[in-house]
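Notes for the one structure printed next.
Quick note: the coordinates plus some simple rules give every number you see, no bench work behind them. Computed from a predicted structure; not experimentally measured. Here the Cβ positions follow ideal geometry from the backbone for every residue, glycine too, while neighbour counts run over all protein chains shown.
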Amino acid sequence: MRKVRVRFAPSPTGPLHIGGVRTALYNYLFAKKYNGDFILRIEDTDQTRYVEGAEDYIMQSLKWCGISVDEGINEGGKYGPYKQSERKDIYKKYIQILLDNGSAYYAFDTPEELDAMRKRLEEEKSSVRQYNRFTRGQMKNSFTLSEKEVSDKINAGEPYVIRFNIPENENITVKDIIRGEVNVNSSQLDDKVLFKSDGLPTYHLANIVDDYLMGITHVIRGEEWLPSLPLHVLLYKSFGWENNMPEFAHLPLLLKPDGKGKLSKRDGDRLGFPVFPLEWKDPETGEIASGYRENGYLPEAFINMLALLGWTPEDDNEILSVEQMIKEFDISKVHKAGARFSPEKAKWFNKQYIIKMPNDKLAALLLPEVEKKFPGTDILYIEKVAGMVKERMNFLSDFCDQASFFFETPESYNPKVVKKRWKEDTPETLSNIFNLLKDVPLHKFTSEYLENSVKAYIEKNELNFGKVLNPLRLVLTGTGGGPHLFDIMEAVGKEETLLRIEKGINEIKKT
RNA sequence: GGUCCGUUCGUCUAGUGGUUAGGACGCCGGGUUUUCAUCCCGGUAACAGGGGUUCGACUCCCCUACGGACUGCCA
């Protein structure tokens, strides 16, 4: 069996959206499962749609996701170049083969003439609206022009395209790993442009030539390519490569969380979640589209969430490392129908990964944000706090909000909590606690010791736990939630603890 | 309009002729906790509709409906 080689082939027309990332991921998982190669090929045959920075964005995104490329522009490889605009000569050579064996022909119709043809066909309510053997007789091409006319036009430098000559009435059976067999008659296909007037191939030609030349064994791509699969199969046959044809798998689409249709760039802003892995700034408009990374997602969580949109492992465990995914991934088990993206579940995945992450690693990720808000904070302190608040976080970006009281004295007190927890006799109770804590020697100011002392005090005076501890929490944190109260005291220290109690007593007045 | 693909709880899905139709997210309820969160327990909720085939259909076939993709000198 040939070594598995798959490719992810985006075109650099803008940021990669999560559907594209999932396609890359499935390719990657498949390749690694069979110890194969994952190739990144840039499909930039449409110069008019080239967007500055998109290529780099794609590579950065894959890197962030942990999808490593085996062969590509940066990585090199024996099958380069990996950028289609640098392969022009190759396509010229191969289109000539098709021209020579009658599988392709010249056409000289202008865009206006093509528009007119389609419009006419539509008005006639014809079921045929394509450039094919039924309509090409009325157009300007090798079939309607003499050989001399054709060569004269070409020599005169007239623009032309090269179209595929779809064979007549041929039943084509294509096989898709996910969908099974699909049957189409060639009469339904149109004579697609293979080679454009700008001297570059279209996707159809380029992808067949490159996949063949690069030894691609499996083509895993989006469902939008399924309708052109028969054309691609015909192309392989015309080149005489049918025995080296890759296998195909067409992935279901990612749909909008609400309503209908496939997920689009705009949905993110509209519904408040990112559709891009990394933040993207449009070079033309300056418009910024948010990214998962910037929104506080962990790449491992992001990838895990994406992988399960359309595929499920055998057992019920949904939290999977990349290694586990590689081990369990089965392309034939990919769901056929489109998957609606769920921001809620994405959040849940992220939380799971944050909780699972070792505190030192988490602290390292949190450091830049903490530095910004609370400059000079020690990383070991962040590590300690992270351990205490992580199960209250959904995103990395939640940390500073959730843990602010570990870094600064509360400036205000949540009114709702004040109303609920602050009673008539609270100031007096807290004063007593203040005095109790004041006498605790510095070296004994630990969570465990404090808890024992305060609890002993409460019991001795026959007080109610909630009536003491809830307001104590309020003065220490400014709010009603958070980690173990005595852990907070130990973390902020004796001086700060006393200060906060004093401040609270002075500032909180029940309204 | 034409071609192709699809349709199981609100969402992601398991299921390949005989199941109390399973799990996860969400939601609701209970427990643990000084609080919030975590955690644990429980609950809610689905085979698009109609015809076949079969002793028996979520599973196979046909039709309809609905959804989607494609229909570019874009990928």
* Asked: Between A:S151 and A:S264, what FRET efficiency follows from the Cβ-Cβ distance if R0 is 35 Å, with the result rounded to 0.05?
  -> 0.15
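Could you grab the Rg to Rh ratio for segment A:1-70? Cα atoms only, Kirkwood for Rh. Could you put the intermediate results ahead of the total?
On the way: Rg = 12.5 Å, Rh = 12.5 Å.
Radius of gyration relative to Kirkwood radius: 1.00.
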* Within straight cross-link reach of A:K356, meaning Cα distance under 17 Å, which lysines are found once same-chain residues fewer than 8 apart are removed? -> A:K345, A:K347, A:K384, A:K390
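Just how large is the dipole of chain A about the Cα centre, in debye to the nearest 20, putting +1 at every Lys and Arg Cβ and -1 at every Asp and Glu Cβ?
On the way: 71 positive and 78 negative charges, 179 e Å.
Value, rounded to 20: 860 debye.
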* **Filtered GluC sites (Glu not before Pro), segment A:105-139: DSSP coil and at most 10 other beta carbons within 10 Å** => A:E124
* What whole-number value in cubic angstrom gives the convex hull volume per residue for the C-alpha atoms of chain A? -> 201 Å³
* Asked: Distance from the Cα centre of segment A:282-312 to that of segment A:234-275, in angstrom?
  -> 17 Å
* Structure fact -> Longest principal axis of chain A (C-alpha) makes with the long axis of helix A:359-373 (C-alpha) an angle, in degrees to the nearest 10, of 80 degrees
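Tell me, what is the Rg over Rh of segment A:357-407, with Rh the Kirkwood radius over Cα pairs? Please report the intermediate quantities before stating the final value.
Numbers: Rg = 9.3 Å, Rh = 10.5 Å.
Taking Rh as the inverse mean 1/r over Cα pairs, Rg/Rh reads 0.89.
Classify segment A:173-309: rounded, prolate or oblate, from the alpha-carbon gyration tensor (a ≥ b ≥ c, eigenvalue square roots; a/c under 1.5 rounded; otherwise prolate if a/b is larger than b/c)? Walk me through the intermediate numbers first.
Working: a/c = 2.18, a/b = 1.81, b/c = 1.20.
Because a/c hits 1.5 or more and a/b exceeds b/c, segment A:173-309 counts as prolate.
Given the -39500 (n - 2.57) contribution per DSSP H run of 4+ residues, what per-residue ellipticity at 222 nm results for chain A, rounded to the nearest 500 deg cm²/dmol? Write down the numbers at each step before the final one.
Working: 20 runs with 226 residues, N = 511.
Taken over chain A, the calculation gives -13500 deg cm²/dmol.
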* Structure fact -> Simple SL model, points at 7 angstrom along Cα→Cβ for A:F395 and A:D100; separation in nm is 5.8 nm
* Which listed residue (A:A206, A:Q324, A:L437) has the Cα farthest towards the positive end of the charge dipole for chain A, taking +1 on Lys and Arg C-beta and -1 on Asp and Glu C-beta about the Cα centre? -> A:L437
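Relative contact order, percent, of chain A when contacts are C-alpha pairs under 8 Å separated by at least 6 residues?
On the way: 726 pairs, mean separation 61.6, N = 511.
Reported relative contact order: 12 percent.
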* Asked: By how many degrees, 0 to 90 and rounded to 10, does the Cα axis of helix A:343-356 deviate from the longest principal axis of chain A?
  -> 60 degrees
* Cα long-axis angle, helix A:88-100 against chain A (0 to 90 degrees, to the nearest 10) -> 40 degrees
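So if the hydrodynamic radius of segment A:415-507 is defined as the Kirkwood radius over C-alpha pairs, what does Stokes-Einstein give as its diffusion coefficient at 20 °C and 1.002 mPa s, in µm² per second? Please list the in-between numbers first.
Details: Rh = 13.1 Å.
Result for D is 164 µm²/s.
Sort the following peptides by mean Cβ neighbour count (other Cβ atoms within 10 Å, averaged over residues), highest first: A:312-324, A:414-426, A:480-492.
Working: A:312-324: 12.8, A:414-426: 14.8, A:480-492: 18.6.
In descending order of packing, they fall as A:480-492, A:414-426, A:312-324.
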* Asked: Summing +1 for each Lys or Arg and -1 for each Asp or Glu, what net charge is found among the other residues whose Cβ lies under 9 Å from the Cβ of A:P252?
  -> 0
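Taking N as the number of residues in segment A:89-195, what value does Rg over Cα atoms divided by 2.2 N^0.38 Å take?
Working: Rg = 15.7 Å, N = 107, 2.2 N^0.38 = 13.0 Å.
Scaled against compact globular proteins, the figure is 1.21.
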* **Selection from A:S197, A:F395, A:Q130, by position along the positive dipole direction of chain A (Cβ)** => A:F395
* To do: Determine the distance separating the Cα centre of segment A:104-143 from the Cα centre of segment A:1-49; give it in Å without decimals.
  => 34 Å
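Place the peptides A:284-291, A:388-395 in order of packing, highest mean first, counting for every residue the other Cβ atoms within 10 Å and averaging per peptide. Don't jump to the answer; show the numbers that get you there.
Working: A:284-291: 12.8, A:388-395: 17.4.
Final packing ranking: A:388-395, A:284-291.
May I ask you to order A:368-380, A:220-232, A:23-35 by the average number of other C-beta atoms within 10 Å around their residues, highest value first?
Top to bottom by mean Cβ count within 10 Å: A:23-35, A:220-232, A:368-380.
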